[in-house]
Amino acid sequence: MFPRRALLVPVFVLILVFDSPALAGTISVKIIAFNDFHGNLQSPGKFRVNADSPELPSGGIDFLSAYVSSLAAQNPNHVVVSAGDLIGASPLVSALFHDEPTIEAMNRLGLDLNAVGNHEFDKGRAELQRMQSGGCSTKDQNTCKGGQVGTPAPFEGARFQFLAANVLDAATGRPIFPAYAIKSFSGVRIAFIGLTLRATPTMVTPTGVAGLRFTDEAETINTLARDLRGQGIESVVILIHQGGEQTGAPPPDINACSGGLEGSPIQSIVSRLDDAVDLVVSGHTHQAYICRVANSVGRRIPVTSASSYGRLVTDIDLTIDADTKRIAAITARNILVDRTNPKIMPDALIEKLLSRYDALAAPLKSHVIGRVTADVTFTLSPGGEAPIGDLIADAQLEATRDSGHAVVAFMNRGGIRGPRAFYAAGAPSHPGTITYDDIFTVQPFGNSLVTMTLTGTQLHTLLEQQFKGCTLDFPAGNTTGHTFDQILQISSGFTYSWNPAGPVCAKVDPASIKINGVAITPEGKYRVTANSFLADGGDQLYEFTRGTDRVGGPQDIDALAAYFAAHPAVAPSPSARIRLTPQTNP
């Protein structure tokens with residue numbers, strides 16, 4: 001039905017793609033890269049390439065595939081790669097079907113390699129391995145829809161290769177996927193090492209990474225680079241799910257490098273890399289940049305990132321000396337996947353695949369949940385709360401107040417996805433209303449709610465654990481803490497103050513922590529609700545794991561749907577639940 005790429009996969013080591021005819025002099029190779037697609041099969045909206053450019057409709061798998069094909073046609077020596085988070089935290093049209101639509105679409109787009117990201121582990125190791133090998137999900141009936149959408153049944157799995165150099169089975173010490181792939185062009189072999197950020201276990205529900213060990217990124221790369229050099233491979237490319245961001249006023253130019261990624265996680269990794277590494281394709285931060293960053297010997301190597309959601313694609317050209325087999329030059333540029341470009345026609349085959357999945361999801365997607373009276377946005381207050389975070393926390397408190405006797409609910413900011421807003425104008429098809437698709441886009445993880453008891457002292461410890469550098473009451477062996485503040489969103493009735501200039505682990509004034517205006521006491525016991533990600537210690541908020549008398553609740557999205565049903569005209573909260581000391585909020 002669809003052509004399959006020739007692929008050889010020796011166990012846990014490498015992939016060989018057969019040589020093209022040998023050439024003399026220099027060899028040109030094109031790498032077509034993207035990252036953080038997150039199952040965004042449909043356009044996520046508009047995007048601009050710099051502050052002076054207009055916002056244009058962008059992305060969508062049909063146009064992304066067309067741009068990839070256009071670039072691939074420029075050079076038969078090409079490879080299509082992704083730097084992680086291909087799936088996970090996906091919109092409904094992909095997530096409803098366990099992200100099988102994204103894998104099937106990427107097979108037809110021609111993706112060759114995907115380095116695992118943290119979100120590839122959202123549903124656990126076994127489900128990720130099913131994404132590679134195929135077969136039906138056992139969770140529900142929304143799987144293996146090939147007979148209805150025109151793909152093989154059962155689910156075919158990825159025809160491209162997942163790479164996971166630094167993700168090891170804790171029992172065997174072996175990577176769960178190949179550590180690297182080798183692709184050969186005209187007698188020149190290029191190695192692609194794929195890996196995710198070491199901190200993945202702090203970002204994923206612990207059950208999703210149970211039995212796995214994540215190793216240091218730079219150490220892993222350098223060990224493999226030395227091994228590859230011993231095999232006579234002189235060209236090494238890194239696909240890594242870690243990144244940085246440009247400094248300065250947004251939106252930065254997608255092809256610039258304001259600030260040089262200084263102080264970012266990816267800069268720290270690159271600064272330790274062996275000189276055998278020639279190029280780093282990065283991701284995770286959802287930023288766009290084309291940079292050169294100094295490695296361990298001071299040589300500045302290209303580091304790229306293509307924003308997120310398929311809105312950009314990175315066009316990278318390598319010039320390789322045919323005699324030395326070394327990369328002599330690299331050029332890279334980010335290209336907007338512009339849906340208004342008259343020279344690009346959407347991929348008709350993928351367009352048909354998407355439309356069939358969209359039709360299957362339509363009855364659920366279009367179901368009206370409720371209404372908002374004004375935009376409920378993700379605009380953060382000085383204290384770190386957002387109206388949409390308040391709303392979600394309120395919904396979770398209401399869902400567990402009776403069944404779990406909860407008095408406060410907490411929501412992690414990273415669990416609020418999509419455009420991170422509910423708009424009063426709605427969509428043209430449902431002006432002023434909120435649909436199931438809207439709430440799923442904002443809360444796609446399917447976490448369940450957990451209500452537990454924490455003491456007043458534990459609540460104070462939990463709030464301190466939000467802030468950069470604080471490892472108060474962390475498990476033995478974990479001494480790193482956050483690299484940036486992770487401010488929890490909180491439900492109505494819970495208030496506190498914190499001081500940005502306060503010492504590490506002493507930013508929150510204990511006397512300011514109140515529930516319905518009453519100060520908590522150190523020995524008091526309080527029923528607290530969080531989603532299962534947080535309840536298991538996600539985002540390094542480990543105090544949740546010490547909660548007692550746990551009671552399970554509904555899924556987070558069901559709680560939000562019930563809240564809209566009970567409050568058909570929802571207004572954004574005007575209250576300031578989190579204040580700064582000295583107080584700067586009204």
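In this structure, does Pro3 turn out to be under 23 Å from Met345 (Cα atoms) and at pLDDT below 90?
Numbers: under 23 Å from Met345 (Cα atoms): yes; at pLDDT below 90: yes.
In short, yes.
Can you go through Ser258, Ser271, Ser264 and tell me which one is hydroxyl-bearing (Ser, Thr, Tyr) and touching a strand residue (DSSP E or B) at 6+ places or on another chain (Cβ under 7 Å)?
Numbers: Ser258 fails: touching a strand residue (DSSP E or B) at 6+ places or on another chain (Cβ under 7 Å); Ser264 fails: touching a strand residue (DSSP E or B) at 6+ places or on another chain (Cβ under 7 Å).
Answer to the check: Ser271.
Among the residues of the range 133-169, which ones are in contact (Cβ under 8 Å) with a residue 24 or more places away in the chain and among the charged types (D, E, K, R)?
Lys139, Lys145, Glu156, Arg159, Asp169 - these are the residues of the range 133-169 that are in contact (Cβ under 8 Å) with a residue 24 or more places away in the chain and among the charged types (D, E, K, R).
Filter the range 481-511 down to residues that are hydroxyl-bearing (Ser, Thr, Tyr) and surrounded by fewer than 18 Cβ atoms within 10 Å (Cβ to Cβ), then give me how many there are. Talk me through it step by step, then tell me what you get.
Kept after step one, since they are hydroxyl-bearing (Ser, Thr, Tyr), are these residues of the range 481-511: 483, 491-492, 495-497.
So of that shortlist, the ones also surrounded by fewer than 18 Cβ atoms within 10 Å (Cβ to Cβ) come out as 483, 492.
The qualifying residues number 2.
For the condition of a type outside the set (Val, Ile, Thr) and out of contact with any strand residue (DSSP E or B) (no Cβ under 8 Å at 6 or more places or on another chain), what is the one hit in Ala218, Ala165? Explain how you work it out, then say what you get.
On the way: Ala165 fails: out of contact with any strand residue (DSSP E or B) (no Cβ under 8 Å at 6 or more places or on another chain).
Just one listed residue meets the conditions, Ala218.
Of all residues in the range 394-415, how many are under 27 Å from Ala501 (Cα atoms) and at pLDDT 95 or above?
Going through the range 394-415 one residue at a time, the tally reaches 5.
Output the residues belonging to the range 439-459 that are surrounded by fewer than 20 Cβ atoms within 10 Å (Cβ to Cβ) and either modelled with pLDDT of 95 or more or part of a loop (DSSP other than H, G, I, E, B) (or both). Walk me through how you get there before you give the answer.
Step one: of the range 439-459, the residues surrounded by fewer than 20 Cβ atoms within 10 Å (Cβ to Cβ) are 446, 448, 453, 455-457.
Once the filter is applied, which keeps residues that are surrounded by fewer than 20 Cβ atoms within 10 Å (Cβ to Cβ) and either modelled with pLDDT of 95 or more or part of a loop (DSSP other than H, G, I, E, B) (or both), the range 439-459 yields Gly446, Thr453, Thr455, Gly456, Thr457.
Only one of Glu104, Glu120 is buried (at least 23 other Cβ atoms within 10 Å of the Cβ) and over 24 Å from Ile193 (Cβ atoms). Can you tell me which? Write out each step before concluding.
Values: Glu120 fails: over 24 Å from Ile193 (Cβ atoms).
One residue alone meets the criteria, Glu104.
Name the pairs: first residue in the range 230-248 and in the same structural domain as His284 (by TED's automatic domain parsing) and within 11 Å of Thr196 (Cα to Cα), second residue part of a strand (DSSP E or B) and among the hydroxyl-bearing types (Ser, Thr, Tyr), Cβ to Cβ under 9 Å, at least 6 apart or on different chains?
If the second residue must be part of a strand (DSSP E or B) and among the hydroxyl-bearing types (Ser, Thr, Tyr), the pairs left are Leu239/Ser82; Ile240/Thr196; His241/Thr196; Gln242/Thr196; Gly243/Tyr289; Gly243/Ser305.
Just the residues that are hydroxyl-bearing (Ser, Thr, Tyr) and in contact with a strand residue (DSSP E or B) (Cβ under 9 Å, 6 or more places away or on another chain), please, taken from the range 522-551. Can you show your working first?
From the range 522-551, those hydroxyl-bearing (Ser, Thr, Tyr) are 526, 529, 532, 542, 545, 548; that's our starting set.
Of everything in the range 522-551, those that are hydroxyl-bearing (Ser, Thr, Tyr) and in contact with a strand residue (DSSP E or B) (Cβ under 9 Å, 6 or more places away or on another chain) turn out to be Tyr526, Thr529, Ser532, Thr548.
Conditions tested, residue by residue: (1) of a type in the set (Ser, Thr, Tyr); (2) crowded, with 24+ Cβ neighbours inside 10 Å.
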{"residue": "Gln231", "(1), (2)": "no, no"}
{"residue": "Gly244", "(1), (2)": "no, yes"}
{"residue": "Ser264", "(1), (2)": "yes, yes"}
{"residue": "Asp274", "(1), (2)": "no, no"}
{"residue": "Leu279", "(1), (2)": "no, no"}
{"residue": "Ile301", "(1), (2)": "no, no"}
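Got a sec? Which strands (runs of 3 or more DSSP E) wholly within the range 272-385 have at least 2 residues that are in the same structural domain as Leu224 (by TED's automatic domain parsing) and under 30 Å from Arg229 (Cα atoms)?
Numbers: elements: 277-281, 288-294, 300-306, 312-321, 327-336, 368-371.
Output list reads 277-281, 288-294, 300-306, 312-321, 327-336.
Here are some residues: Ala393, Ala409. Which one is in the same structural domain as Tyr542 (by TED's automatic domain parsing), hydrophobic (A, V, I, L, M, F, W, C) and touching a helix residue (DSSP H, G or I) at 6+ places or on another chain (Cβ under 6 Å)? Give the steps one after another, and end with the answer.
Values: Ala393 fails: touching a helix residue (DSSP H, G or I) at 6+ places or on another chain (Cβ under 6 Å).
It is Ala409.
If we scan the range 524-540, do we find a residue that is surrounded by fewer than 18 Cβ atoms within 10 Å (Cβ to Cβ) and either modelled with pLDDT of 95 or more or in the same structural domain as Ile388 (by TED's automatic domain parsing) (or both)?
Residues of the range 524-540 surrounded by fewer than 18 Cβ atoms within 10 Å (Cβ to Cβ): 524-525.
Narrowing the set further to residues that are either modelled with pLDDT of 95 or more or in the same structural domain as Ile388 (by TED's automatic domain parsing) (or both) leaves 524-525.
Yes.
Can you name the residue in the range 172-217 that is surrounded by fewer than 20 Cβ atoms within 10 Å (Cβ to Cβ) and of a type in the set (S, T, N, Q) and, of all such residues, is farthest from Ile327 (Cα to Cα)?
Thr207
Please verify whether the range 55-62 includes one or more residues that are crowded, with 23+ Cβ neighbours inside 10 Å, assigned to a helix (DSSP H, G or I) and in the same structural domain as His241 (by TED's automatic domain parsing).
Yes, the range 55-62 contains a residue that is crowded, with 23+ Cβ neighbours inside 10 Å, assigned to a helix (DSSP H, G or I) and in the same structural domain as His241 (by TED's automatic domain parsing).
Of all residues in the range 63-101, count the ones that are at pLDDT 95 or above, polar (S, T, N, Q) and crowded, with 23+ Cβ neighbours inside 10 Å.
Within the range 63-101, residues that are at pLDDT 95 or above, polar (S, T, N, Q) and crowded, with 23+ Cβ neighbours inside 10 Å number 3.
Which numbered condition trips up Ser258, out of (1) farther than 30 Å from Pro54 by Cβ; (2) within 25 Å of the chain's Cα centre (by Cα); (3) surrounded by fewer than 22 Cβ atoms within 10 Å (Cβ to Cβ); (4) not charged (D, E, K, R)?
(1)
Tell me yes or no: at least one residue of the range 414-434 is within 19 Å of Glu543 (Cβ to Cβ) and either in contact (Cβ under 8 Å) with a residue 24 or more places away in the chain or touching a strand residue (DSSP E or B) at 6+ places or on another chain (Cβ under 7 Å) (or both). Let's see the steps before the verdict.
Pass one, the range 414-434, residues within 19 Å of Glu543 (Cβ to Cβ): 414-415.
Filter once more, so that each one left must be either in contact (Cβ under 8 Å) with a residue 24 or more places away in the chain or touching a strand residue (DSSP E or B) at 6+ places or on another chain (Cβ under 7 Å) (or both): 414-415.
Scanning the range 414-434, I find at least one residue that is within 19 Å of Glu543 (Cβ to Cβ) and either in contact (Cβ under 8 Å) with a residue 24 or more places away in the chain or touching a strand residue (DSSP E or B) at 6+ places or on another chain (Cβ under 7 Å) (or both), so the answer is yes.
Go through the range 460-480 and count every residue that is buried (at least 16 other Cβ atoms within 10 Å of the Cβ) and of a type in the set (Val, Ile, Thr).
Result for the range 460-480: 2.
Being in contact with an Asp or Glu (Cβ under 6 Å, 6 or more places away or on another chain) and buried (at least 17 other Cβ atoms within 10 Å of the Cβ) is the filter here; which residues of the range 25-47 pass it?
Passing the criteria: Lys30, Asp36, His38, Gly39.
For the range 503-540, what are the residues that are closer than 17 Å to Gln396 by Cα and among the small types (Gly, Ala, Ser)?
Scanning the range 503-540 gives Ala530, Ser532, Ala535.
Filter the range 315-332 down to residues that are hydrophobic (A, V, I, L, M, F, W, C) and under 19 Å from Asn35 (Cβ atoms), then give me how many there are.
Kept after step one, since they are hydrophobic (A, V, I, L, M, F, W, C), are these residues of the range 315-332: 316, 318, 320, 322, 327-330, 332.
Right, trim to under 19 Å from Asn35 (Cβ atoms) and you get 316, 318, 330, 332.
So the answer is 4.
The values are calculated or read from the model by the stated rules, or taken from the named source; none is laboratory data. What you are looking at is a predicted structure, and each value in this text was computed from that prediction instead of being measured. Heads up, the Cβs are rebuilt from the backbone with ideal geometry, glycines too, and the neighbour counts pull from every protein chain shown.
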